[in-house]
Amino acid sequence: MLVTAKYYDGQSSDCHAVTLSREGETLRIIGSGIDLSCAATAVRLSAPLGRLRRTLALPDGGSCEVETAAVAQLFPNVGQRGTDWLHHWERNLGLALVALLLTVAAVGLFLHYGVPVLAQQVARAVPPQSEQQLGEEALAFLDQALLAPTTLPHARREELHALFARMQQQLPETTSTYRLELRQGQALGANALALPAGIIVVTDEFVTLTQDDEEIIAVLAHEIAHARQRHILRSILQNSAVGVIVASLSGDITSITSLGAALPTALVDARYSRQFENEADAAAVAYLKAQQIPVSRFADILRRLQSEHERRRGSAGNSGIPFGDLFSTHPETAARLERIGKE
């Protein structure tokens with residue numbers, strides 16, 4: 001039985017029309033000025049892919065292209081090579097859609113469950129020096145682009161630093177160190193941010209908005225929890241899934257410092273996950289209870305900050321919300337208040 005094919009000699013790009021035939025264990029290739037033969041067992045077949053033509057690689061470096069349906073005529077035992085089932089899937093639209101849905105589901109499950117686990121492992125493996133560099137670079141960016149030196153009276157600054165020092169002594173862990181940085185918020189407004197390496201930034205506007213130091217303590221406890229559990233770093237890593245996977249597989253954790261370029265933007269446009277917010281809120285509530293501070297102080301300042309957020313959103317008009325507004329980085333405030341109220 002003759003099969004039409006396209007022949008390439010492997011020396012040039014010229015295409016020749018030929019016919020192929022099988023004579024026992026010999027494959028014959030005949031065309032204009034072409035009369036070749038080779039052992040059929042020496043021919044390598046490309047895997048079937050949909051309706052694409054299959055390539056027969058010849059032992060002399062040449063090749064032939066034939067229709068997929070014609071392969072069985074030349075190589076009746078090709079089905080034993082284990083690719084027929086895959087080719088059947090590729091040609092069947094229903095099975096192909098099932099395979100696509102399964103693939104999408106697998107990728108979605110990995111991104112939802114696998115990447116956060118990998119991000120947590122990578123964040124824990126980041127060397128302290130690298131994390132310190134990330135934090136300092138982020139603070140330098142904020143100082144240059146969004147913040148200004150604090151205008152709080154010297155006595156008030158001393159009070160806040162003393163309060164923060166007492167909090168560190170009362171925290172359950174003793175290995176972590178934190179640093180309080182006071183700044184005039186300007187575009188950030190009333191805000192508190194947790195940077196890598198335990199740097200906590202608090203704006204003058206936030207301090208002015210509070211009615212007593214217990215409200216400041218509540219928010220500081222929340223931000224310290226974000227820093228302690230490396231939420232900002234984990235958030236960035238989770239949004240850089242490819243980098244997380246490569247760092248996890250290669251063990252090249254030090255290369256993660258390349259995230260420094262993306263960190264400042266992420267800080268002013270952060271979207272903590274519900275899990276991260278729940279963890280930080282729970283840590284803040286636990287701290288307040290341990291210090292016998294009413295949990296209502298936390299809820300009070302959150303409500304006031306929410307009102308300030310809404311005011312700033314309204315004053316921004318169509319231009320949108322100012323960078324880094326506390327409640328653009330801490331969504332679902334109503335749900336958080338309800339949860340805290342039950343504590």
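The values are calculated or read from the model by the stated rules, or taken from the named source; none is laboratory data. Everything numeric here is computed off the predicted structure, so don't read it as measured data. Neighbour counts are summed over all protein chains in view; Cβ atoms, including those assigned to glycine, are modelled from backbone coordinates with ideal geometry.
Quick notes on this structure:
- The stretch 133-190: number of residues that are surrounded by 19 or more Cβ atoms within 10 Å (Cβ to Cβ), part of a strand (DSSP E or B) and over 31 Å from the mean Cα position of the chain (by Cα): 0
- Listed here are the helices (runs of 4 or more DSSP H) enclosed by the stretch 191-308 that have at least 3 residues being at pLDDT 75 or above: 204-209, 213-228, 231-238, 274-290.
- Pairs where the first residue, in the stretch 176-188, is of a type in the set (Phe, Trp, Tyr) and the second is part of a helix (DSSP H, G or I), C-beta under 7 Å, 6+ apart: TYR178/GLN168; TYR178/GLY198; TYR178/ILE224; TYR178/ALA227
- Annotation: ALA70 fulfils all but one of (1) surrounded by fewer than 16 Cβ atoms within 10 Å (Cβ to Cβ); (2) not in a loop (DSSP other than H, G, I, E, B); the unmet one is (1).
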